[in-house]
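One structure is given here, and the rest of the page talks about it.
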Amino acid sequence: MLTAIKKWWAGFQISHPELSKFGMFFLLSNGVTVLQLAMMPASRWFFDSFTDLTDVSFQVLPIGSNIDGSQYYMFDYAAGPLPDGGGGLSYFLAVQLTLLVAQVINFFAQRNITFKSNTSVWVAAAWYAAAYVVITFIAAAAQGFYKAPIYDLFMNIWGWGATGQVVADVITMIINSAISFWVFYPIFKLIFRQVPEQAPVEAGAK
């Protein structure tokens, strides 16, 4: 059975190279998303339990105003536990730690399995890091619109309390992952290239 699947996949890769790459990218990305979903509540628990960073505000890069006229921050993590506060520096670090670990794993998996790149890993890593920073800013700006309402819905409006907080963690991480998924694929196609390998020069050849 396994041999038949491998044979079918090898043929599919030859006949549909781009579709097979996207399929593998999709599969690995979802695996990384599952890892993020498991890590996010654990990361938040760690920072909330062993630090006082929930009470430290992290609101930087003001870029406009909310509908009610209050300041809108690209990174908006007001002091205090969710949903009344923004989770503070604790929430920010939990999100970034989760994303960092997941993206490092994703980098090597996509490079070696999906795109089978043979270009410089250091050059690719530099471009990947730059893309990661840009996507972090985009995702952070978008999060300002949906984070607070999601936590308020599950924790207060629906009255799920701690369970609602975990559910909200999962949903916000899924949204973050979806943003990364659609932005990273064209970037990976650029930085994870395959270049033809030169044939070895035979001894005595001129």
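The values are calculated or read from the model by the stated rules, or taken from the named source; none is laboratory data. It should be emphasised that the depicted structure is a prediction, and the values quoted were computed from it without experimental measurement. As a convention, Cβ positions derive from the backbone with ideal geometry for all residues, glycine included, and neighbour counts pool all protein chains shown. Just the protein is used for accessible areas: all its heavy atoms, side chains included, with ligands, DNA and RNA removed. Shrake-Rupley method; radii C 1.70, N 1.55, O 1.52, S 1.80 Å.
Computed over the range 68-199, the range of Cα coordinates on each principal axis works out to 66, 30, 21 Å, biggest value leading. Each pair of Cα atoms in the range 31-145 enters the Kirkwood radius, and Stokes-Einstein at 25 °C and 0.890 mPa s then converts it into a translational diffusion coefficient of 156 µm²/s.
Measuring r between the beta carbons of Val134 and Leu2 and using R0 = 41 Å, the FRET efficiency lands at 0.55. If you fit an axis through the alpha-carbon atoms of helix 161-191 and take the longest principal axis of the Cα set of the chain, what angle between them do you get, 0 to 90°, nearest 10? Roughly 30 degrees between the two axes.
Computed over protein heavy atoms with a 1.4 angstrom probe, the accessible surface ordering of Ile175, Ile191, Ile113, largest first, is Ile113, Ile175, Ile191.
Counting only alpha carbon atoms, the long axis of helix 88-109 and the longest principal axis of the chain meet at about 10°. Note on the chain: GNM, Cα springs under 10 Å; of Leu35, Leu100, Leu19, the largest mean-square fluctuation is that of Leu19.
Amide H contacts under 5 Å for Tyr72: Ile63, Gly64, Ser65, Asn66, restricted to partners 5 or more places along the chain or on a different chain, H placed in the peptide plane at 1.01 Å from N.
Residue by residue, the range 54-59 carries 3J(HN,Hα) couplings of 4, 8, 9, 6, 9, 10 Hz when phi is fed to the Karplus relation 6.51 cos²θ - 1.76 cosθ + 1.60 (θ = phi - 60°); x denotes Gly or Pro. Note on the chain: GNM, Cα springs under 10 Å; of Ser29, Ser117, Ser90, the largest mean-square fluctuation is that of Ser117. If you average the C-alpha positions of the range 122-153 and of the range 89-104 separately, how far apart do those two centres end up, in angstrom? So the two Cα centres are separated by 10 Å. Computed from the Cα positions only, the extents of the range 13-87 along the three principal axes stand at 55, 34, 17 Å, in decreasing order. If you take all other residues with their beta carbon under 14 Å from the beta carbon of Met24, and give Lys and Arg +1 and Asp and Glu -1, the sum is +4. Around the amide H of Leu82, modelled in the peptide plane, lie the amide H atoms of Gly87, all under 5 Å away and 5 or more residues distant in sequence or on another chain.
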